Structures are given as C-alpha cells and as structure tokens.
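Below you'll find the structure, written out as structure tokens, and then a few comments.
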Amino acid sequence: MSSCVFCAIVDGTAPSRIVYRDDAVIGFLDIRPVTRGHTLVVPRQHSSGLDDLEPHLGGRLFAAGQRLSAAMKSGELSADGVNLVVNDGRAAFQTVFHTHLHVVPRHNGDKLSFAKGLVVRRDPDPDTTAEMLRSALESDPR
C-alpha cells in the first residue's frame, strides 16, 4: 500500500530504527515512545486492522512481541514488565491503519513517568536504545 508509512518502513523506503525482523514481521522503535524502548511490531503484509489480519500473522506478531518482551526484561532496559497493546480502529486510538502491536517496557513504580511519557513521547537517544534491544535479542537463544 503506497500511502502507508509502515509499509514504507517494511520495504525500506522510510527511515526507522529496526530492532527485530523475520520473514513475517518487523519490529522498530516507535518515533513517539511512551517509554524508552517502546517498539512497534507490524506484519510485512499490509492489513489495516484485526478484521483483515490473517490469524497466523497475528500469532507471529505476538510471538515477536514475546521475544521483544524477554529482551526488554533481560537486557540493558531492565524492564520489570511489558505492556502488549493493539489499538484496533479509530475509536481505539489507532492512528496508523496498518495493524501493529505496541511492546512497551514498564518498571515498578513508573506510573508518573509512564503518564508523562503519554504526553511527552520522546527518547533522547533512540540509536542507543535500538542497539540495546538488538543486543538483548542476539543474546537470547530462542
């Protein structure tokens, strides 16, 4: 789909900080992160929402989210937990209409910084964050 920014990231024509890729999905840092390491996982095949997402691709999205979650916990981000979120439709706050899974690292007691992140939404050093996640993924034998 030519007007879809996530399709452009998948095909390499739009800039991104890719942290994960396999034959079905790609994961990259959110440009407006709620927390450091906030990653989006998208299917390589365009689908605008859950209604037209092939079920096996939904499984691949969550499998990648699970790997990223483990990397966020075991790597330098040292997350205590992770939110996995799919916003499906405008009423659910979906803003890019290419199905995507938010993988958001969380830390114990982060309610105030998390709330602030919903407003501020920036990472002061996304290149280092991307490298931290790639490194954690490489050290995971899965």
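Quick notes on this structure:
- Among the candidates G81, G117, G59, the residue that is among the small types (G, A, S) and closer than 26 Å to S47 by Cα is uniquely G59.
- Test: D23 is assigned to a helix (DSSP H, G or I) and without any contact (Cβ under 8 Å) to a residue 60 or more places away in the chain: no
- Out of L68, L40, sole residue that is under 10 Å from the mean Cα position of the chain (by Cα), in a helix (DSSP H, G or I) and within 17 Å of P105 (Cβ to Cβ): L68
- Per-region count, the stretch 6-43, residues surrounded by fewer than 14 Cβ atoms within 10 Å (Cβ to Cβ) and hydrophobic (A, V, I, L, M, F, W, C): 1
Listed here are the residues, each with its yes/no results for (1) in a loop (DSSP other than H, G, I, E, B); (2) more than 27 Å from G49 (Cβ to Cβ).
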site: K73; (1), (2): no, yes
site: A79; (1), (2): yes, yes
site: L84; (1), (2): no, no
site: D88; (1), (2): yes, no
site: Q94; (1), (2): yes, no
site: G109; (1), (2): yes, yes
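- Odd one out for T13 among (1) part of a loop (DSSP other than H, G, I, E, B); (2) closer than 18 Å to D127 by Cβ; (3) hydroxyl-bearing (S, T, Y): (2)
- Screening V41 with (1) touching a residue at least 60 places away in the same chain (Cβ under 8 Å); (2) farther than 26 Å from A136 by Cα gives one miss only, at (2).
- Residue pairs whose Cβ atoms lie under 7 Å apart, sitting 6 or more positions apart in sequence or on different chains, and linking a residue in the stretch 115-142 that is outside any loop (DSSP other than H, G, I, E, B) to a partner that is of a type in the set (K, R), are P126/R17; D127/R17; T129/R36; A130/R17; L137/R67.
- The set of residues from the stretch 54-108 being without any contact (Cβ under 8 Å) to a residue 40 or more places away in the chain, buried (at least 17 other Cβ atoms within 10 Å of the Cβ) and more than 21 Å from C7 (Cβ to Cβ) comprises S69, V82.
- H46 being crowded, with 19+ Cβ neighbours inside 10 Å and at pLDDT 95 or above: no
- Residues within the stretch 115-142 that are under 16 Å from the mean Cα position of the chain (by Cα) and of a type outside the set (S, T, N, Q), tallied: 14
The values are calculated or read from the model by the stated rules, or taken from the named source; none is laboratory data. The structure presented is a predicted model; accordingly, all values stated were derived computationally and were not measured. Here Cβ is always computed from backbone atoms with ideal geometry, including for glycine, and neighbour counts include all displayed protein chains.
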